[in-house]
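The values are calculated or read from the model by the stated rules, or taken from the named source; none is laboratory data. Quick caveat: nothing in here was measured; it's all calculated off a predicted structure. No Cβ is skipped: glycine too gets one built from the backbone with ideal geometry, and neighbour counts run over all protein chains shown. Accessible surface areas use protein heavy atoms only, side chains included; no ligands, DNA or RNA. Shrake-Rupley method; radii C 1.70, N 1.55, O 1.52, S 1.80 Å.
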Amino acid sequence: MSDATEIAKPRASVFAGLRLTWTATIAGSVLLFWLVLALFGPWIAPHGEAEIISGTTFAPVGEGGLLGTDKLGRDVFSRLIYGVRTTLLLALITTVISFAFGVTLGFAAANLKGWFDIVVSRIVEAFMAFPSTLLALVVIGAFGTSITVLVLTVGLVLSTSVFRVSRALGYDIGVMDFVEAARARGEGTWWILTREILPNSMAPLIAEFGLRFTFSILFLSGLSFLGLGVQEPAADWGLMVQENVGGLFLGSSAALIPAACIASLTVSMNLLVDWFQQRQQGETVLEKIDQ
Amino acid sequence: MNDILTIKNLRVEGRPPGGSYVPIVKGVSLNVAKGEVLALIGESGSGKSTISLASMGFARPGCRIAGGEIWLNGRDIMKLSPHERHALRGDEVSYVAQSAAASFNPALRIGKQVIEAPLWHGAGDAATLTATAVDLYRKLDLPNPDTVGDKFPHQVSGGQLQRLMAAMAMSCGPDLLILDEPTTALDVTTQIEVLKAFKDIIRDQGTAAIYVTHDLAVVAQVADRILVLKNGEMVEEGPTAQILNDPKHEYTRSLMDAVRPAPHLVDHVDGSAAQAPVISARNITAGYGALTILSDVSVDVPAASVVGVIGESGCGKSTLARVVAGLTPLREGEIKLDGKVAAPGVKDRPRDTLKDCQIVFQMADTALNPRQRIGDILGRPLEFYQGLKGRARLDKVGELLELVDLPRSFASRFPGELSGGQKQRINLARALAADPKVILCDEVTSALDTVVAAGVIELLKSLKDKLGVAYMFISHDLSTVASFADEVVVLYAGRVVEKGPSKAVFSPPFHPYTKLLLSSVPEMRQGWLEGVADTGEAKAASAGSVIIGAKGCPFANRCTHVIAGTCDRVTPPLRDLPGELSVACHLDTDALPST
């Protein structure tokens with residue numbers, strides 16, 4: 001027997017053997033920083049979420065609070081720290097909801113095919129054809145602004161693209177020989193979906209999760225900015241931009257700081273997703289250029 | 001000095017993603033003279049494709065030419081700028097890839113693609129170049145040379161497309177032609193016409209050529225000189241006759257030994273005494289959507305025996321296996337497994353029935369879930385069919401691994417850590433885990449190197465003796481089937497044209513199609529191609545293409561013995577001949593081809 005002995009690296013899980021690059025390190029640190037702030041915010045923040053600390057509104061950075069005060073004289077720094085909790089938590093919940101919907105329906109459509117697939121796909125396409133902000137405006141307008149409605153609406157809107165990705169993955173992997181082998185063995189649909197197809201679609205789904213998470217942050221911030229999302233006095237970054245946008249003309253940075261924070265969060269998430277996707281292919285673009 | 005190409009001490013390095021560079025080609029030197037065909041042979045991974053690409057000054061992404069000189073027409077092309085090198089390709093040197101289907105743009109007409117390179121190099125205007133191309137089509141024996149350029153790639157057959165690919169490569173009148181496994185993906189009957197066309201056009205134009213292949217029989221037909229490679233190093237070089245008849249190096253000899261003799265020359269297995277069939281498929285008709293692939297196919301697999309199913313691609317071999325396994329539902333007919341009628345769909349079959357009949361797929365790479373450990377891949381059928389758990393399951397996995405000659409420690413590995421041959425053994429072990437009565441082997445050795453494939457066949461034989469398991473062995477490799485199968489079924493366009501004991505099928509009288517198949521298997525003898533390509537059978541066969549669902553005899557349009565008015569109207573029934581042979585042909589028994 002002279003079987004060739006070219007041995008590839010072991011791939012225990014999708015996370016095995018992921019070496020960090022400097023972009024991933026920076027992005028990861030930024031995300032970790034916000035996560036820590038979100039977890040321990042109330043103990044770190046010098047003031048309360050809605051506590052008015054100064055008579056001066058739109059106080060500049062350094063005066064009356066570390067990062068100045070907002071339009072009601074509240075501490076921008078403290079609200080920023082409280083806001084990261086709301087922003088991250090809501091984004092997480094909506095993304096999880098969108099994946100629960102999207103992946104279940106997508107895999108079901110890929111596996112059941114036929115009428116189920118046609119009907120669900122057409123409904124999803126109808127949803128996608130509708131501008132998502134407009135859709136959210138209509139739904140929230142009809143049902144009123146509450147956190148539940150907000151989360152469900154955004155989750156539903158985001159689930160359309162998750163559906164498309166997971167349906168395509170389900171179709172692709174569903175025709176591979178190892179899935180056929182499982183079918184020939186007599187395995188049921190549940191086994192095939194959870195043991196054969198799902199583990200092999202983890203990498204693209206994780207990448208998709210990161211992207212949807214970013215979208216969700218932007219979308220929620222956008223809705224808050226329009227006054228349809230999180231309501232005062234709760235702190236949310238999108239809401240903070242909206243509250244303080246009038247201060248821009250007075251030379252206040254109270255609106256710019258939360259905007260920059262949103263940007264740091266989304267850019268970091270994107271960098272991390274890029275790195276993860278490229279690492280799954282073996283090498284990142286930067287490493288290829290270096291060679 | 002009339003060498004077109006001289007390569008001195010070529011070194012090419014490659015890099016796995018995230019790794020560092022390792023040598024692939026380690027100091028190979030060669031030269032090709034005008035009008036000469038040099039063959040590069042070796043197993044997969046020997047660096048033969050890499051060398052052929054390097055002779056154009058090209059390295060695949062992730063590879064680099066690390067050293068050496070490449071002289072083409074008296075210039076060292078490694079010293080040229082990338083732009084100058086680019087100008088050479090498609091002008092002085094051109095390349096024919098393995099898969100023509102993947103090399104043509106499906107959205108453009110063929111003629112436009114054939115003249116693309118000379119047009120780009122400014123060799124003439126579209127009208128004159130098209131006229132030259134039509135001339136080439138004629139030389140390549142393509143049907144309708146005047147109009148074939150107006151067709152789209154999907155409108156011509158695979159063999160024709162491969163010849164059109166050669167026309168594309170020759171359209172610029174190159175000094176050097178590189179052919180990388182150009183007939184490997186083709187059926188044997190198609191291979192002949194393509195090989196003949198390649199050989200003639202190379203002679204006709206006096207082009208120097210490099211022919212890359214792993215098939216020694218093909219090399220014997222086209223090459224003037226042979227260079228044997230192993231792991232990126234030159235093993236032996238010499239004229240074709242010397243390498244074939246008097247190989248000096250031990251490795252070359254081992255390559256020669258791995259070549260199986262022609263199907264009619266092997267020792268046939270004597271069909272053992274008639275046993276009760278474990279698979280009994282009766283009058284199966286099946287297909288996908290509106291397409292009917294199998295019509296009225298009946299096959300029996302007796303217990304503890306090997307039934308070989310042969311035929312060209314698209315004849316329904318794999319569909320037959322899928323129908324028996326219940327993956328593709330049958331439309332008409334009946335399947336009995338171990339004497340009991342089996343439901344058409346896998347969902348309606350009880351586990352006991354499923355357990356008895358296991359399927360092994362062709363591509364070991366895709367047949368194993370890359371995210372499961374070998375222990376889980378083998379353990380699942382044990383748990384599923386026999387309810388084994390924990391310690392008992394673990395022990396049994398170890399036994400299975402030993403059964404297929406792999407160490408027990410492999411249980412903790414992932415499929416990605418195994419070689420192709422090892423994966424195919426795991427694939428077999430998974431089927432064995434069910435303790436089946438019969439295993440459907442769908443081209444299990446086709447994707448493997450000759451030496452590794454021989455090992456897998458040996459394993460199949462020993463398992464049959466040890467466990468008494470039967471095989472339905474599907475393959476397009478006639479020699480393997482001839483030496484391994486007790487009985488043989490020949491499929492053509494979804495119909496059984498001949499079946500019977502291996503010895504009877506591979507000796508006269510033949511069905512005309514079986515005759516064509518047998519005579520198309522390349523022999524390792526120089527001059528074989530000329531002899532076979534000019535026979536009436538080969539000419540008739542290349543004139544038509546396979547029509548599935550044809551009225552009458554499906555082979556009528558490619559048969560030299562066709563009886564007008566009968567063969568094209570009436571489908572011939574399988575009729576019994578002496579010696580348990582059955583043949584579906586209208587010809588009288590005496591008139592059947594007998595040589």
Check your understanding: What distance in nm separates the simple spin-label points at B:Ala543 and B:Asp376, each placed 7 Å from Cα in the Cβ direction?
Key -> 5.9 nm
Practice item. Sketch the reach of a paramagnetic label on B:Ser29 as a point 7 Å from Cα along Cα-to-Cβ, and name the residues of the range B:65-106 whose backbone nitrogen lies under 19 Å away. Key: B:66-79
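So what is the relative contact order for the range B:265-501, in percent, with contacts set as C-alpha pairs under 8 Å and at least six apart?
Working: 484 pairs, mean separation 73.3, N = 237.
Relative contact order, the range B:265-501: 31 percent.
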Point to revise | Ranked order, B:Ile110, B:Ile548 - accessible area, probe 1.4 Å, largest first | key: B:Ile548, B:Ile110
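Suppose only helical runs count, i.e. DSSP H with n ≥ 4. What mean residue ellipticity at 222 nm does that imply for chain A under -39500 (n - 2.57) per run, divided by all residues and rounded to the nearest 500 deg cm²/dmol?
Values: 10 runs with 192 residues, N = 291.
Mean residue ellipticity, 222 nm, calculated: -22500 deg cm²/dmol.
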Practice item. Pull up all non-local amide H partners of B:Tyr471: gap of 5 or more, or a different chain, and H-to-H distance under 5 Å with H placed in the peptide plane. Key: B:Ser305, B:Val306, B:Val307, B:Ile439
Practice item. Output the relative contact order of chain B, whole-number percent, from Cα pairs under 8 angstrom with separation of 6+ residues. Key: 14 percent
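Within a 10 angstrom radius of each residue's Cβ in B:356-363, how many Cβ atoms of other chains show up on average? Whole number is fine.
Working: counts 0, 1, 3, 5, 3, 6, 1, 3.
For peptide B:356-363, the averaged partner shielding equals 3.
At a Förster distance of 30 Å, what's the computed FRET efficiency of B:Glu334 paired with A:Val175, Cβ-Cβ distance as r, to 0.05? Intermediate values should be presented prior to the final figure.
Details: r = 27 Å, r/R0 = 0.91.
Once rounded, the FRET efficiency stands at 0.65.
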Review point. So for chain B: antiparallel DSSP bridges make up what percent, rounded to the nearest 5?
Key: 60 percent
Practice item. Would you kindly find the accessible area of B:Cys567, with a 1.4 Å probe and non-protein molecules such as ligands, DNA and RNA excluded, rounding to the nearest 10 Å²? Key: 10 Å²
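Would you please give the FRET efficiency between B:Lys551 and B:Asp204, computed as 1/(1 + (r/R0)^6) with r the Cβ-Cβ distance and R0 = 41 Å, to the nearest 0.05? Walk me through the numbers before you get to the answer.
Working: r = 40 Å, r/R0 = 0.98.
Efficiency for this residue pair is about 0.55.
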Study note, to complete from the structure: Heavy-atom accessible area with a 1.4 angstrom probe orders B:Lys551, B:Lys34, B:Lys336, B:Lys355, most exposed first, as B:Lys551, B:Lys34, B:Lys336, B:Lys355
Practice item. Hey, can you grab everything whose amide H is under 5 Å from the amide H of B:Ile359? Only 5+ residues off in sequence or another chain; H modelled, so Pro and N-termini drop out. Key: B:Leu440
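What helices does chain A hold that run 24 Å or longer along their axis, going by alpha-carbon atoms, with a Kyte-Doolittle average of 1.6 or more, using DSSP H for the helix calls? Spell out each step's value before the answer.
Working: long enough: A:22-44 (31 Å, 1.74); A:76-112 (52 Å, 1.54); A:147-174 (38 Å, 1.37); A:198-225 (39 Å, 1.14); A:256-280 (36 Å, 0.74).
Going by DSSP H runs, the hits are A:22-44.
Express the relative contact order of chain A as a whole percentage, based on alpha carbon pairs under 8 Å and six or more residues apart in sequence. Each step should come with its number before you reach the end.
Working: 371 pairs, mean separation 68.8, N = 291.
Reported relative contact order: 24 percent.
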Check your understanding: Considering the dipole of chain B built from charges on the beta carbon (Lys and Arg +1, Asp and Glu -1) around the Cα centre, which of B:Thr252, B:Ala482, B:Phe384 is farthest to its positive end?
Key -> B:Phe384
Check your understanding: For a paramagnetic label modelled at 7 Å from the Cα of A:Ala142 toward its Cβ, which residues of the range A:84-111 fall within the zone defined by backbone nitrogen distances under 19 Å?
Key -> none
Review point. What is the spin-label model distance, in nm, from A:Ala260 to B:Tyr21 if the labels are put 7 Å beyond Cα along the C-beta direction?
Key: 4.5 nm
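Sort B:His121, B:His154, B:His249, B:His511 by heavy-atom solvent-accessible area, probe 1.4 angstrom, most to least.
Values: B:His121 55, B:His154 140, B:His249 80, B:His511 5 Å².
Of B:His121, B:His154, B:His249, B:His511, the descending order of accessible area is B:His154, B:His249, B:His121, B:His511.
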Point to revise | Built amide H within the under 5 Å cut-off of B:Ile4, gap 5+ | key: B:Val32, B:Ala33, B:Lys34
Exercise for review: Work out the length of the dipole vector of the protein assembly as shown about its Cα centre, built from +1 on the beta-carbon of each Lys and Arg and -1 on the beta-carbon of each Asp and Glu, and round it to the nearest 20 debye.
Suggested key: 1480 debye
Revision key, fill the gap. Loop-resident GluC sites (Glu not before Pro) in the range B:470-575 with no more than 13 other Cβ atoms inside 10 Å, DSSP not H/G/I/E/B, are none
Practice item. Round to the nearest 10 and report in Å² the accessible area of B:Lys340, as given by a 1.4 Å probe over the protein chains' heavy atoms. Key: 120 Å²
Check your understanding: How big is the shadow of the Cα convex hull of the range B:431-545, averaged over all directions, in nm²?
Key -> 8.9 nm²
Study note, to complete from the structure: Residue span B:Ala290 to B:Thr566: 0.36 nm per residue of separation minus Cα-Cα distance leaves a gain in nm of 96.6 nm
Review point. Mind listing the phi-derived Karplus ³J(HN,Hα) values for the range B:228-243, rounded to whole Hz, using 6.51, -1.76 and 1.60 with θ = phi - 60°, and x for any glycine or proline?
Key: 9, 10, 8, 6, x, 10, 6, 9, 7, 9, x, x, 3, 4, 5, 5
Exercise for review: Just name one of A:Gly41, B:Phe414, B:Ile226: the one whose Cα is farthest towards the positive end of the charge dipole of the protein assembly as shown (beta-carbon charges, Lys/Arg +1, Asp/Glu -1).
Suggested key: A:Gly41
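What does the extension gain come out to for B:Leu80 and B:Thr128, with contour length at 0.36 nm per residue minus their alpha carbon separation?
Values: separation 48, 0.36 × 48 = 17.28 nm, distance 3.07 nm.
Result for the pair: 14.2 nm of gain on full extension.
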**Study point:** Residue-wise HN-Hα coupling along the range B:350-355, computed from phi with Karplus coefficients 6.51, -1.76, 1.60 (Hz; x: Gly, Pro)
**Key:** x, 4, 4, 5, 4, 4
Review point. In square angstrom, rounded to the nearest 10, how much accessible surface does A:Ser78 have for a 1.4 Å probe?
Key: 0 Å²
Study note, to complete from the structure: Under the 7 Å Cα-to-Cβ spin-label approximation, A:Leu35 and B:Ala66 lie apart by a distance in nanometres of 4.1 nm
**Study point:** Theoretical FRET efficiency, 1/(1+(r/R0)^6), r = Cβ-Cβ of B:Thr535 and A:Val96, R0 56 Å, to 0.05
**Key:** 0.20
